[in-house]
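To start, the structure under review is shown below, and the notes come after it.
Rule-based calculations on the coordinates, nothing more; no lab input. This is a predicted model, so every value here is computed, not measured. Reconstructed Cβ throughout: ideal geometry from the backbone, glycine too, with neighbour counts over all protein chains shown.
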Amino acid sequence: MKEPRIGSPGELAEPQLSGPDPPKYILRLYVTGKTPNSLRAVAKVREICEEHLLGRYHLQVIDIYQQPALAEGDHIMVAPTLVRRAPGPLRRLIGNLADRERLLAGLGLRPAIGG
Amino acid sequence: MTNETAWDAEVEDLRARLLEAEETLQAIRRGEVDALVVEGARGEQVFTLKGADHSYRIFLEEMHEGAATLTADGVILYGNRRFAEIVGTPLEEVIGGSIYRFVREAGRPELEDVLRAGREGAGKGELTFLSGEENVPVYLAASALPLEEVEALCLVVTDLTEQKRNQQLVDSEKLARSIFENATEAIVVCDLEEIVLRASLSARRLCSCNPVGERFSKAFPLRKEDQQEPLDLPFSAVFQGEVIQGIEAALPGEGDQVCQLQVSAGPLLSPDDRILGCVLTLTDVTARRDAELEADRALQEAEAANQAKDHFLATLSHELRTPLTPVLAVISGMQGDPRLPVDVRAHLAMVRRNVELEARLIDDMLDLTRIARGKLELHREVADLRQVLEDSLQTVTGDLTHKRLRLVMDLDGGDHRLWGDTPRLTQVFWNLFSNAVKFTPEDGVMTVRTRRDGADLVVEVTDTGIGIEADALTTIFDAFQQGEQGITRRFGGLGLGLAITKAIVELHGGSLTANSPGRGQGAVFSVRLPAGNLPAAPLARPEERTSAETALSPDRGNGGGLRELRILLIEDHADTAEAMAELLRVLGHEVTVASSVAAGLAAAERHAGRLDLVLSDLGLPDGSGVDLMQELHERYGVRGIALSGYGMEEDVRRSLEAGFDRHLTKPINLQALEAAIQETARG
């Protein structure tokens, strides 16, 4: 693992995709401080990940208030937004991220129901 | 037709809505929207991008403490930058993770306790967080956060590292300041311009003004030790990093006071080893220096006193003996004068005996002081103990006969030679014999026995006299002791003899012991002398060095064939000169008298070449007889006999070295003088 670097703007540490055990799911959750939406989003996303993707995911949570520069990377428009960087094509999930079913579908862990 | 219009309308509607949405989104993106209206659980909620909660948010984000929102089981839902900093991890990796990542396994229970307490209301505690591999001391405050749906904890984390460091710093700062202020040494801190930055209490006392802010040399005008020149301290060397120690300096104070100081200085370093200035220490050594001076002075005084004492003793001896010389000389002369009636001559004999006794007492006293001061020296040679015993016996023969005492001599057949001081040994046995004779009543017996015991010679002197009480046996050798008081009154004397005798025996490496069966049963004195340490040298003739052997028979042996000599007598004591000259003339010599070195030289010159002998006193008013003799010997080749009242070993050695053939001490014994003259002239 690279050494943690604190506060370097515009850079997000890329988790290693090569190596003995690369995480399959790379997720970035963009939140707005400790608003209830944000707190819920963080809690729920982590819960799902621990439940269904244990040991196979890397989650980074970016508070767009404290680290605004990092928000440009994935071109989000509103927060909270969950971005799935891997596996597969980039997928942005906007809206109520506390919805388990919606999250699972958005992460591709359930067949998609609706949009 | 209606389907198409309805379809178009719907598409139009959709397109509008889409456009509106896009525009909304775009507007939001461009930051032109201040708030969003969001459908919340309790109806519409306004979600502001900037505004009312801005100040709270900023507060949280910018505050010095770390803040985090946690779930009940420690998942971090929110954290501020400071929190991420404290745990040494990027913020995006912190949020969403577990807080238990940041404590060691051993610290888990503590953290759990704090969080549990927080859930119940409020929890706090001091813990150690992990920042990478390093330990960070932190203070945690946890409290329950009422939020819909999520049971959350609010956690405030205070990094104690700096506080602890600061505390240490503060403590050490206090300590340093205390040390600095209260040091007995005067400590001064200067900058690179030699300006005083700080001065300890002691340093400020040394200074007549407030030294802070002044140039060091102005605040402390040091001078060199001798107080003459100003002293320049090597500041430049110190600013290069050198340490200087022990520079002696004087600092003038109030009035005439001067402080003696020892100055040391070293560079003052910053934490990153840059030289900021210097630290000087001024140690007051005035007291020590004064004590040293005092000690020197006391030593000098003691030495002077010592020398004065020695000088006094020598002078005392000389002065006490000087008058005895003419007295003895005259009496000797008178004793031999046939014109005097016999009973008068007998009286003269008595007078002479007592004067000689007086002389001996003076000698005893002088010897005793010499012994006490460890200044009695032996002049060792190969001595014949048998001869010594016979000579000593000679001196008591008269008394033996007078008291009708029987003498038994039982001398070992063997070698009686030993390495010793003949005159002193004679003194020893003369003392023992005369004691034996003195303390034995008429018709008694005195026995003298010698024997070999290993490497030693043992002499036992036994008498049948009054004996010695058991408890007096050890004290009789002490000075001024004579056994019982009654003895002093009956037998007279100062009681110095045995003390001196013992000291001389012991100086030879031997021992002297006394034994007695008791009162009235006689006594045995036993002298043991080492006799095994002889060098291969012939027997020496006993030289006359002290007046100890003065008690020879009063008869003037005037054997035939004695030469008549031209004698130059140099003596400044008028009576002595007169008496001696008279005596010598009676003996048939031609005598010229001079009373000073100058007169002596002059007289010698007048009689140049026709002088046979010089008789000179050593202590002359205008110089030393020693120098005179040297001069006369060099110029005229004449021999001499030295006369002196000192009898000190030093004088004897010097006189013999100077060219005197012999040295006699006053009071001069006529017989000895005569013998000496004949030998010198003959030789």
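Other chains near B:89-102: what is the mean number of their Cβ atoms within 10 Å of each residue's Cβ?
Details: counts 3, 14, 10, 14, 10, 5, 13, 14, 4, 2, 0, 0, 0, 0.
Going residue by residue through B:89-102 and averaging, the value is 6.
For residue B:164, which aspartates and glutamates qualify as cross-link partners when the Cα separation must be under 13 Å and same-chain residues fewer than eight apart are set aside?
The reachable aspartates and glutamates, counting only those whose Cα sits under 13 Å from residue B:164, are B:126.
Grab the beta carbon distance between residue B:185 and residue B:373, set R0 = 56 Å, and tell me the FRET efficiency rounded to 0.05. Walk me through the intermediate numbers first.
On the way: r = 47 Å, r/R0 = 0.84.
Efficiency, rounded to the nearest 0.05: 0.75.
Show the residues, 5+ positions off or on another chain, whose built amide H is closer than 5 Å to the amide H of residue B:456.
B:531
Tell me which GluC sites (Glu not before Pro) from segment B:563-628 have a DSSP coil assignment and no more than 15 other beta carbons within 10 Å of their own. All intermediate terms of the calculation are to be shown ahead of the outcome.
Working: sites: B:564, B:571, B:578, B:582, B:590, B:605; in loops: B:564, B:571.
Counting only loop positions with at most 15 other Cβ atoms within 10 Å, the GluC sites (Glu not before Pro) in segment B:563-628 are B:564.
What average count of beta carbons from other chains do you get within 10 Å of the Cβ of residues in B:75-86? Intermediate values should be presented prior to the final figure.
On the way: counts 5, 3, 10, 11, 4, 5, 5, 1, 0, 5, 2, 0.
For peptide B:75-86, the averaged partner shielding equals 4.
Taking only Cα atoms, what is the 0 to 90° angle, nearest 10, from helix B:324-335's long axis to the longest principal axis of chain B?
Approximately 20 degrees, to the nearest ten.
State to the nearest 20 debye the size of the charge dipole of segment A:25-106 about its Cα centre, where the only charges are +1 on K and R beta carbons and -1 on D and E beta carbons. Can you show the working numbers first?
On the way: 12 positive and 8 negative charges, 21 e Å.
Around 100 debye, computed over segment A:25-106.
Determine ³J(HN,Hα), in whole Hz, for all residues of segment B:565-574 in sequence, where each value follows from phi through the Karplus function 6.51 cos²θ - 1.76 cosθ + 1.60 and θ = phi - 60°; x replaces Gly and Pro.
10, 9, 10, 9, 9, 10, 8, 8, 7, 4
Rank A:58, A:79, A:103 by how far each Cα sits towards the positive end of the charge dipole of segment A:25-106 (+1 on Lys, Arg Cβ; -1 on Asp, Glu Cβ) and give me just the farthest.
About the Cα centre, the residue reaching furthest to the positive side is A:103.
Kindly express, to the nearest 10 degrees and within the range 0 to 90, the angle between helix B:649-658's C-alpha long axis and the longest C-alpha principal axis of chain B.
Compared with the principal axis, the helix lies near 70 degrees.
Whole-Hz ³J(HN,Hα) for each residue in segment B:362-379, computed from phi via Karplus 6.51 cos²θ - 1.76 cosθ + 1.60 with θ = phi - 60°, x for glycine and proline: what do you get?
Working through the residues one at a time gives 4, 4, 4, 4, 5, 4, 4, 5, 5, 5, 4, 8, x, 10, 7, 10, 9, 10 Hz.
Using a cut-off of 24 Å between alpha-carbon atoms, which lysines can reach residue A:34, once sequence neighbours fewer than 8 places away in the same chain are excluded?
A:44, B:50, B:124
What are the ³J(HN,Hα) couplings of segment B:287-296, residue after residue, when phi is run through the Karplus curve with 6.51, -1.76, 1.60 and θ = phi - 60°? Round to Hz, x for glycine and proline.
With the stated coefficients, segment B:287-296 comes to 4, 5, 5, 4, 4, 4, 4, 4, 4, 4 Hz.
Per-residue mean of other chain beta-carbon atoms within 10 angstrom of the beta-carbon, peptide B:56-66? List each step's numbers first, then the result.
On the way: counts 2, 6, 1, 0, 4, 4, 1, 0, 0, 0, 0.
Shielding by partners across B:56-66 averages 2.
Which distance in nm do the two modelled labels at residue B:303 and residue B:254 give, with both placed 7 Å along the Cα-to-Cβ direction?
If labels sit at residue B:303 and residue B:254, their model points lie 3.9 nm apart.
For a Förster distance of 51 Å, can you work out the FRET efficiency between the beta-carbons of residue A:47 and residue B:3, rounded to the nearest 0.05? Provide the component values of the computation, followed by the final result.
On the way: r = 48 Å, r/R0 = 0.95.
Once rounded, the FRET efficiency stands at 0.60.
Would you please give the residues with an amide H less than 5 Å from that of residue B:421, counting only those at least 5 places away or on a separate chain, with H modeled from the backbone geometry?
Result for residue B:421 returns B:381.
What do you get for GluC sites (Glu not before Pro) in segment B:195-260 restricted to DSSP loop and a cutoff of at most 10 other Cβ within 10 Å of the site's Cβ?
Working: sites: B:214, B:225, B:242, B:248, B:254; in loops: B:214, B:225, B:242, B:254.
Of the GluC sites (Glu not before Pro), the ones in loops of segment B:195-260 whose Cβ has at most 10 other Cβ atoms within 10 Å are B:254.
Select from segment A:45-108 those trypsin sites (Lys or Arg not before Pro) which occupy a DSSP coil region and have at most 14 other Cβ atoms within 10 Å, ordered by residue number.
Values: sites: A:46, A:56, A:84, A:85, A:91, A:92, A:100, A:102; in loops: A:56.
Taking segment A:45-108 and a limit of 14 other Cβ atoms within 10 Å, the loop trypsin sites (Lys or Arg not before Pro) found are A:56.
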